[in-house]
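Working notes, structure below.
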Amino acid sequence: MAADQMTVSVWRGGPGGGDFKDYAVPRFDNQTVLDVVAWIQQETDPTLSYRFACRVGMCGSCGMVVNGVPRWTCRTHVQRVLEANRIEIAPLRNLPVIKDLAVDMDPFFEKWIAAEGRFHASKSRRDDVQEVVPDTEERAAVDAGIECINCSVCYAACDTVAGNPDFLGPAALNRAWTLFNDVKNDGREAILDAVSHSGGCHSCHSMGNCSQHCPNDLNPMQAIAGLKRATVRRALGGR
Amino acid sequence: MDLRLYLLQRLSALVMAPLVIGHIAVMIYAVQGGLSASEILSRTQGSIGWALFYGLFVLAVSVHAAIGLRVIAGEWLGFRRGYLAATMWISGLVLLAMGMRAVWAVTAGGVS
């Protein structure tokens, strides 16, 4: 079916720089931004580089900046973002570009490690399974932040990361906070140490871009506030 | 910003909050019926209370502003490490020196 057309402006380039290039793309019903990028690559320009995997909002691979807003493109419908029959698609902010719409996620994941956003087992295989009581305050805090898909949309949205490249960022700190509250995790002190350095949770200005843009409606700003409280409580001698 | 600076900035804010209210309250009280330098000086000169009030205020402002300027210099001017420390210490010490000089002037009458 010959559909209406729209203009899609896609950022093309590499680490040295680049520019936007316009493509005419047919409009279809129920079309996502990722569909648009895939159409361009398959039908118009096979040299276009981008990243995706699951196409259903689970893997966190397809984050891009759409009309200036970081989004998961597989779950973003064209009809929601089309402005004057145009869409502008750029690589995620705050991460080095590899080529076109594909960014290098290494700094993002290195900061997860730096924030101690990794599991510290409290038991071995010889111990009984740790009981997880669902209605504790700690478990509620874990549940609130655990659905992160590592898409880096919050990291791209964060103005503090843009101004301070050392800042660990919302996703890593959100992960640190969920682990801090997890009874199965044994690294509470290590986490508080890791997020108390320069670039840690105290660098956050609570602007809330992370919580505003998280595609899974998580609230990393609240998680960071929790880390601030926990570190201050420890510094003042409490627990 | 690390935990130590974060705590110092919050602590200095806690100190400043009542002092700001006291400062504004006295301003409103003092301007009733006109304001003159001699009236202000008659209240502050020789007063250990006002010297402590504004001395503490200046100290808190110097700490608070210096840490804030350090963050701004880092995020907006791209300063790192040594330059950040220099921004913080120089701005803090300049504010402290200017503020304490003013406090000395209106309480002890040393400079005029």
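The values are calculated or read from the model by the stated rules, or taken from the named source; none is laboratory data. Model, not experiment: these values are computed from the prediction. As a convention, Cβ positions derive from the backbone with ideal geometry for all residues, glycine included, and neighbour counts pool all protein chains shown.
Summary table below
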read-out	value
Filter pass, A:GLU116 being on the phi > 0 side of the Ramachandran plot and either at pLDDT 95 or above or not small (Gly, Ala, Ser) (or both)	yes
All positions within the range B:1-56 that are of a type in the set (D, E, K, R) and either over 24 Å from B:LEU84 (Cβ atoms) or more than 14 Å from chain A (Cβ to nearest Cβ) (or both)	B:GLU39, B:ARG43
Single unsatisfied condition, B:SER91 versus (1) more than 14 Å from chain A (Cβ to nearest Cβ); (2) at pLDDT below 95; (3) surrounded by 14 or more Cβ atoms within 10 Å (Cβ to Cβ)	(2)
Matching entry among B:LEU19, B:LEU59 (being surrounded by 13 or more Cβ atoms within 10 Å (Cβ to Cβ), in contact (Cβ under 8 Å) with a residue 24 or more places away in the chain, touching a Phe, Trp or Tyr at 6+ places or on another chain (Cβ under 8 Å) and of a type outside the set (Phe, Trp, Tyr))	B:LEU19
3 or more residues in contact (Cβ under 8 Å) with a residue 60 or more places away in the chain and surrounded by 24 or more Cβ atoms within 10 Å (Cβ to Cβ): qualifying helices (runs of 4 or more DSSP H) within the range A:119-219	A:153-157, A:170-180
Meets criteria (among the polar types (S, T, N, Q) and without any contact (Cβ under 8 Å) to a residue 40 or more places away in the chain) for B:GLN45	no
A:ALA230 vs. criteria within 19 Å of the chain's Cα centre (by Cα), touching a residue at least 24 places away in the same chain (Cβ under 8 Å) and either within 14 Å of chain B (Cβ to nearest Cβ) or outside any loop (DSSP other than H, G, I, E, B) (or both)	no
Positions within the range A:59-79 being surrounded by fewer than 16 Cβ atoms within 10 Å (Cβ to Cβ) and either of a type in the set (Gly, Ala, Ser) or out of contact with any helix residue (DSSP H, G or I) (no Cβ under 9 Å at 6 or more places or on another chain) (or both), in sequence order	A:GLY68, A:GLN79
